[in-house]
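The values are calculated or read from the model by the stated rules, or taken from the named source; none is laboratory data. Here the structure is a predicted model, which means the values were calculated and not measured. We place every Cβ from the backbone using ideal geometry, glycine too, and count neighbours over all the protein chains shown. Remember, those area values only see protein heavy atoms, side chains included, never the ligands or the DNA or RNA. Shrake-Rupley method; radii C 1.70, N 1.55, O 1.52, S 1.80 Å.
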Amino acid sequence: MLGCPTGRTPRPIYAAMARKLAAAPQHLSQLALVMMDEYLVEQSGRFVYASETKPWSCHFFARAEIVSRLNESLPEKLRLREKSVWFPDPANPEDYDKRIADAGGIDFFILASGATDGHVAFNPPGSSRDSRTRIVTLSEQTRRDNLQTFPFGTIDAVPTHGVSVGISTITSARAAAMVLTGPSKRESLSRLMKAECYDPDWPATVIHEFTTGEIIADKEAAVSLG
């Protein structure tokens, strides 16, 4: 199982994976993608997924940027199955952790950090190390970060809630990599390099909870480290 974020940072990773598969096809029919989060909207007094037709929804991203790209060059029998793309259910979010555990656990988690507050998935600053999949009120900074990532138009169009894996959900994976690209991630990289363990004030420090964790940064993100 592969843990997957959406957004600007992982987009070139999925494109590179697609190129690798085009050059050397692999069997993806047994692969499950564990998606980290999804925006929620209120409907009849309860939270439901934002429409998957919205170009900023995580369902839309998973279909267009991950599944379609990975499957493009593969014959039918090798393709990733749509039913193998998992999202936490806002009606019963706590079951996501059990589903993951029952399936044998996440083998590898691709992680990305919010630029201005270090959020991971929708986990805001202050998230407990023991937090699990749950409905989250999105912080102002998270919403503004995501305004730069997806075509919302205005801050008022960014949903105020989401369903998200927790910090403990992430650390249940066997291995992970935190990927930081571009100048907007310089602060996050600096915070990660100074930390030695998980700091709830900057959730991206979760990478330090992995004995096999890696921090991968490009030159633009790393320039301040000199």
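Below, the figures for the structure above:
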quantity	calculated
Computed E for Ser51/Ser73 - FRET, C-beta separation, R0 30 angstrom, nearest 0.05	0.55
Rounded FRET efficiency, nearest 0.05, which uses the C-beta distance separating Glu82 from Gln43 and R0 of 22 Å	0.40
Distance (nanometres) between label positions extended 7 Å along Cα→Cβ at Ala101 and Gln30	2.5
In the chain, lysine pairs closer than 19 Å at Cα, eight or more apart or cross-chain	5
Unit charges at the beta carbon, dipole of segment 2-134: most positive-side option, His119, Ala18, Ala50	Ala18
The chain - percent of accessible surface contributed by carbon and sulfur, probe 1.4 Å	50
Gap separating the Cα centres of segment 133-199 and segment 25-61, nearest whole Å	16
About the Cα centre, charge dipole magnitude for the chain (Lys/Arg +1, Asp/Glu -1 at Cβ), debye	620
Positive dipole terminus of the chain, leading residue within Leu31, His161, Gly104 (C-beta point charges)	Leu31
Theoretical gain in end-to-end length, Met193 to Ala157 [0.36 nm per residue, Cα-Cα removed]	9.5 nm
Virtual paramagnetic centre 7 Å along Cα→Cβ of Ala16, amide N under 15 Å, in segment 102-146	109-112
Once exposed loop GluC sites (Glu not before Pro) are cut out (DSSP; at most 15 other Cβ, 10 Å), longest piece of the chain	95-195
